[in-house]
């Protein structure tokens, strides 16, 4: 996702580019005509002005929502035979693009590539030193062991499409919880052994 600074920087650069492209050149009197830097009024019906303004505001709102506020839902990987596994469909992006797993357990990501574009023919998981080609209309399995909780991004080969593996720490029962479980399991209050 783009940061706010990147968005504002892009908009500022675009504004400067448009400003430089629209500056009028002043011709010398010998050439016969003089152009000025002033804008010329173009009269448009009020309905067209309102329509263009509302459309522009709507597009700006959609762009802000898309880049800043739309957060995809995370999907938990399912544990089977000691391996956390989930299938990620690669079709115009990654679905799901946010995968939740537990630390300290092996993870298997099954990338099913349906999109023929060149950008999505490779997946990179830099934190685990993984770069793998994805065959079209096939499932490619990637396995790794996340040791520490955190967020680990994965991207396409061109870094245009992104996803995240969210690793959560496995909560260990405290000594007090273990003691209460032992006491609850021993209703006769007799020592084990």
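Observations
- Evaluated at q = 0.16, 0.18 Å⁻¹: base-10 log I(q)/I(0), Debye formula over Cα of region 75-168: -0.57, -0.72
- R0 of 41 Å, Cβ-Cβ distance residue 95-residue 40: FRET efficiency to nearest 0.05: 0.25
- Using only the C-alpha atoms, the convex hull of region 41-105 corresponds to 122 Å³ per residue.
- The relative contact order of region 75-168, computed from alpha carbon pairs under 8 Å that lie at least 6 residues apart in sequence, is 30 percent.
- Pairwise FRET efficiency - residue 17 versus residue 168, Cβ, R0 = 45 Å, nearest 0.05: 0.50
- Packing order of peptides 104-116, 138-150, 4-16, 40-52, highest average first: 104-116, 138-150, 4-16, 40-52 (average count of other Cβ atoms within 10 Å over each peptide's residues).
Bear in mind that the values in this text are calculations on the coordinates, not laboratory data. Values in this document were obtained by computation on a predicted structure and should not be read as measured data. Cβ sites come from the backbone with ideal geometry, for glycine too, and all protein chains shown count toward neighbours.
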